[in-house]
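As structure tokens, the structure follows; a few thoughts come after it.
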Amino acid sequence: MSTSVICPGSFDPPTLGHLDVFHRVAASFDRVVIAVVVNPDKAGTFTPEERLELIAASLGEHEHVELITFEGLLVDLCRDQGIRVVCKGLRTVGDFEYEHQMAQMNRHLAGVETVFLSSAPEHAHLSSSLIKQIAAAGGPLTGLVSPPVQAALQARYA
Ligand code: PNS
């Protein structure tokens with residue numbers, strides 16, 4: 001039985017929904033690797049390193065949680081880390097369709113299993129892209145992101 005898990009994603013920026021999933025996963029697995037994808041074709045609002053710093057500043061200390069960036073296939077990262085389980089949060093049926101396809105592909109490619117955590121109802125409407133639209137227009141970010149992420153967004157869109 002695996003007690004290690006990878007939580008991959010863009011996290012540009014991390015939302016309170018992402019953080020809730022990280023906390024819940026950290027409570028259930030012995031080793032958690034949070035992996036921020038590096039997309040050479042898409043700059044993003046924050047660099048992958050900035051996103052890692054925002055996750056670290058928001059999450060607090062967890063001895064068994066590691067924060068890394070990765071480029072390339074998730075299944076290759078799983079092999080390199082010696083981990084065969086991925087965990088993703090699910091907000092909506094729309095998320096499920098996209099995530100289910102990726103889960104099946106990762107299982108096809110390398111036997112990597114995916115487990116899903118149902119998002120907390122109070123986080124189901126949170127998305128990084130919507131939050132960036134709100135930040136760009138100077139709207140309120142309280143209840144959507146952590147204080148460090150809120151400060152980073154306000155500085156970025158000042
Ligand atoms: O937060 P996101 O953008 O939904 O995360 C998507 C992510 C990073 C998990 C996905 O794009 C991914 O796994 N990218 C790595 C490349 C890869 O393995 N692609 C094939 C997936 S089946």
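The values are calculated or read from the model by the stated rules, or taken from the named source; none is laboratory data. All of these numbers come straight from a predicted model, not from anything done at the bench. Neighbour counts run over all protein chains shown; Cβ positions are idealised from the backbone, glycine included. Ligands, DNA and RNA are excluded from the accessible area calculation, which covers all protein heavy atoms including side chains. Shrake-Rupley method; radii C 1.70, N 1.55, O 1.52, S 1.80 Å.
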With all protein chains present and a 1.4 Å probe, the order of H62, H125, H23 from largest accessible area down is H125, H23, H62
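Calculated from DSSP H runs of 4 or more alone, at -39500 (n - 2.57) each and per residue, what is the 222 nm mean residue ellipticity of the chain, nearest 500?
-13000 deg cm²/dmol
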A correct Kirkwood calculation over the Cα atoms of the chain returns a hydrodynamic radius in Å of 16.1
If I compute solvent accessible area with a 1.4 Å probe over the protein chains, what percent of it on segment 4-156 is carbon and sulfur? 54
Rolling a 1.4 Å sphere over the protein heavy atoms, what is the accessible area per residue of segment 4-156, to the nearest Å²? 53
I need the peptides 4-11, 130-137 ranked by packing, meaning the mean over residues of other C-beta atoms within 10 angstrom, with the highest value on top. 4-11, 130-137
